[in-house]
Amino acid sequence: MAHYVAAYDVSDPRHRERVARILSRYGQRVQLSVFQIWVEPEDLPQLRREVGAYLDLEDAFDLFPLDCRHPERRIRWQHAPPGRDAVVML
């Protein structure tokens, strides 16, 4: 099973909600229009058809493949790195 980040910019609110519902079947929401999903490679055409039905010409949908072999390499910026004091600048 392959791991992806799906990011989208869909102008129609109803279509945007439908795309979110489709993606929630494949993974979990990370931000409002960003999901991390797991898809078998042979299921990508089906996902493309499902999402594509709700995209207009001005809309965007991107899948970014992730390498799951080294999850410890993930970098998150919303938390201070372990063992470091937070720096606050005023």
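Just so you know, all these numbers are worked out from the coordinates, no wet-lab data involved. As the structure is a prediction and not an experimental result, all values here were calculated from the model. Quick reminder, even Gly has a Cβ in these numbers, built from the backbone with ideal geometry, and neighbours come from all protein chains shown.
Mind checking which residues of the range 37-52 are out of contact with any helix residue (DSSP H, G or I) (no Cβ under 7 Å at 6 or more places or on another chain) and either in a helix (DSSP H, G or I) or under 10 Å from residue 7 (Cβ atoms) (or both)?
Residues satisfying the conditions are 41, 42, 43, 44, 45, 46, 47, 48, 49, 52.
How many residues, within the range 46-62, are closer than 13 Å to residue 14 by Cβ and buried (at least 17 other Cβ atoms within 10 Å of the Cβ)?
3
Quick check on the range 15-37. Is at least one of its residues farther than 15 Å from residue 59 by Cβ and touching a residue at least 40 places away in the same chain (Cβ under 8 Å)?
No, the range 15-37 contains no residue that is farther than 15 Å from residue 59 by Cβ and touching a residue at least 40 places away in the same chain (Cβ under 8 Å).
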